[in-house]
Amino acid sequence: MNRVYCCFPGGKHKALTMSYDDGRSYDRRLIEIFNRYGIKGTFHLNSGLFDRGDRVEPDEIATLYRGHEVACHTVTHPTIARCPLPEVAQEVLEDRKWLEARTGYPVRGLSYPNGSVTKEIEEMLPALGIRYSRVVGSSDSFALPENPYRWQATCHHNHRLMENGEEFLKLFKKQYLYLMYVWGHSYEFKDRDNWDLIEAFCEMMGGKEDIWYCTNIEFMDCMDDFKRLQFAADNSFVYNPGARDCYISVNDQAGIRIPAGETVQL
Ligand SMILES: [Zn+2]
């Protein structure tokens, strides 16, 4: 029987994603760096805080973040573990509505303000149209998220960023999928005066053949698309019922494309 493995787009086995919160004006400089090196990321925004100074302009959201993902961070950034559940639901849904009116696509990602979450909130999120949510802290791991509603990054950019990056570049075992996930706030580069850190990281990580550069939701969608593939019982063919191409490896041959809506003999 064919040995089939899930791959990232292009048959790759490593993915890099970035995740930045609060939509402060320093996002502009950060995105300029990301774009220069082909790095992709997700920006979690508070729709109710755009008049609080030092933020990006609502009018520039669609253009500034193009090619990256705009995601929720709630309307007003409360510590939601302390709030009534209906209030949390509205903080998420109203944020989605406001952001969707400006981006034109379904906004399905979230990061918890102040890293605050409870089991009840986590369980409510799928019903609010949220597919993943990021917690705070650093795992120092390249493993895929076991629970997307408690998604912890590999590291904050001020925690072993270059060391983790160097380790990630050295990974070569193609029997595994690896993810490096970096999070932070763009204003922290200004506060610590360490823009050179993220510049050096992006320069080191960009343009690599074996890395898929993705937003947070693109990563989740890729994993979900694979689960929807319909394999013959003997793995001799597969049908892709989705609207996006999928990539698999078959008997160690990586990068086999399963086009959207098609059946492929393996
Ligand atoms: Zn925040």
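The values are calculated or read from the model by the stated rules, or taken from the named source; none is laboratory data. Everything numeric here is computed off the predicted structure, so don't read it as measured data. Neighbour counts are summed over all protein chains in view; Cβ atoms, including those assigned to glycine, are modelled from backbone coordinates with ideal geometry.
Overview of results
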quantity: Test: residue in segment 24-45 that is within 16 Å of the ligand (Cβ to nearest atom), closer than 17 Å to Leu110 by Cα and part of a loop (DSSP other than H, G, I, E, B); calculated: no
quantity: Which numbered condition Phe219 fails, given (1) among the aromatic types (Phe, Trp, Tyr); (2) in contact with a strand residue (DSSP E or B) (Cβ under 7 Å, 6 or more places away or on another chain); (3) outside any helix (DSSP H, G or I); calculated: (3)
quantity: The listed residue being more than 18 Å from Tyr20 (Cβ to Cβ), modelled with pLDDT of 95 or more and in a loop (DSSP other than H, G, I, E, B), out of Ala81, Ala101, Ala143; calculated: Ala143
quantity: Scope segment 46-69; condition under 23 Å from Tyr112 (Cβ atoms), under 19 Å from the mean Cα position of the chain (by Cα) and assigned to a helix (DSSP H, G or I); matching residues; calculated: Ile61
quantity: Which numbered condition Asn216 fails, given (1) of a type outside the set (D, E, K, R); (2) closer than 26 Å to Phe172 by Cβ; (3) away from the ligand (no atom under 16 Å from the Cβ); calculated: (3)
quantity: Where a residue in segment 62-82 is within 14 Å of the ligand (Cβ to nearest atom) and its partner, wherever it lies, is among the basic types (Lys, Arg), with Cβ under 6 Å and at least six apart; calculated: Cys72/Arg96
quantity: Only listed residue being modelled with pLDDT of 95 or more, more than 16 Å from the ligand (Cβ to nearest atom) and surrounded by 16 or more Cβ atoms within 10 Å (Cβ to Cβ), chosen from Arg134, Arg96; calculated: Arg96
quantity: Candidates Pro148, Pro113 - the one that is under 28 Å from Ser249 (Cα atoms), touching a Ser or Thr at 6+ places or on another chain (Cβ under 8 Å) and buried (at least 20 other Cβ atoms within 10 Å of the Cβ); calculated: Pro148
quantity: Residue within segment 110-122 that is polar (S, T, N, Q), in contact (Cβ under 8 Å) with a residue 12 or more places away in the chain, within 16 Å of the ligand (Cβ to nearest atom) and touching a Phe, Trp or Tyr at 6+ places or on another chain (Cβ under 7 Å) present; calculated: no
quantity: Ala127 being more than 16 Å from the ligand (Cβ to nearest atom), free of Cβ contacts under 8 Å to residues at least 12 places away in the same chain, touching a helix residue (DSSP H, G or I) at 6+ places or on another chain (Cβ under 9 Å) and part of a helix (DSSP H, G or I); calculated: yes
quantity: Odd one out for Glu57 among (1) on the phi < 0 side of the Ramachandran plot; (2) more than 14 Å from the ligand (Cβ to nearest atom); (3) surrounded by 14 or more Cβ atoms within 10 Å (Cβ to Cβ); calculated: (3)
quantity: Sole exception among (1) closer than 15 Å to Ile217 by Cβ; (2) in a loop (DSSP other than H, G, I, E, B) for Phe172, by number; calculated: (1)
quantity: Any chance Ser19 is surrounded by 14 or more Cβ atoms within 10 Å (Cβ to Cβ) and within 14 Å of the ligand (Cβ to nearest atom); calculated: yes
